[in-house]
Amino acid sequence: DAAGRMQYQEIGSLAVLEHGKLVGILTERDLARALADGVDPAETPVGAYMTEEPVTVTPEADAASVAATMLDLGVRHIPVMEGGQVIGMVSSRDLLSLEAWNAIGVT
């Protein structure tokens, strides 16, 4: 179900919530690891492969610090939290796009 949702929405990660609280993040890498392990995706819970308690950022975080955090952690996605709620997800593609737009002078 998670892989189908990611494909349908054309996204590379999902925030995993339990009772409205962020408990993990599932990424394309996690799905690839599950397949490489030979598990049955229809029978394997998301919790078995998600990253628990992911590092998060706030909407006020600047792009450079988010990029540095992603590089330090070796991750491609970071949930954006505000008031205890997930309000978005920053991806390495988002940061690359921002850098490309800045390089050509588009704001």
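The values are calculated or read from the model by the stated rules, or taken from the named source; none is laboratory data. No experiment lies behind these values; they were computed from the predicted model shown. Virtual Cβ from ideal backbone geometry, glycine too; neighbours counted across all protein chains shown. What goes into the accessible areas is simple: the full protein's heavy atoms, side chains included, and nothing from ligands, DNA or RNA. Shrake-Rupley method; radii C 1.70, N 1.55, O 1.52, S 1.80 Å.
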Legend entry - Dipole axis of segment 10-107 (+1 Lys, Arg; -1 Asp, Glu on Cβ), positive-most option in Ala100, Val57, His77: Ala100
Legend entry - Cα centroid separation, segment 1-18 to segment 19-71 (Å): 10
Legend entry - Exposed-site-free run, longest, the chain (rule: GluC sites (Glu not before Pro); DSSP loop; at most 13 other C-beta within 10 Å): 61-107
Inset, instruction - With springs only between Cα atoms under 10 Å apart, run a GNM on the chain and tell me which of Pro79, Pro54, Pro41 wobbles the most. - result: Pro41
Legend entry - segment 1-68 - accessible surface per residue (Å², probe 1.4 Å): 68
Inset, instruction - Apply 1/(1 + (r/R0)^6) to the Cβ-Cβ distance of Glu99 and Glu60, taking R0 = 25 Å, and write down the FRET efficiency to the nearest 0.05. - result: 0.80
Inset, instruction - Collect residues whose amide H, placed 1.01 Å from N in the peptide plane, falls under 5 Å from the amide H of Met50; neighbours closer than 5 in sequence don't count. - result: none
Inset, instruction - Could you check how much of the accessible area of the chain is carbon and sulfur, as a whole percent, using a 1.4 Å probe? - result: 53
Inset, instruction - Would you kindly give the portion of the calculated P(r) for the chain that falls above 19 Å, as a percent of all Cα pairs? - result: 48
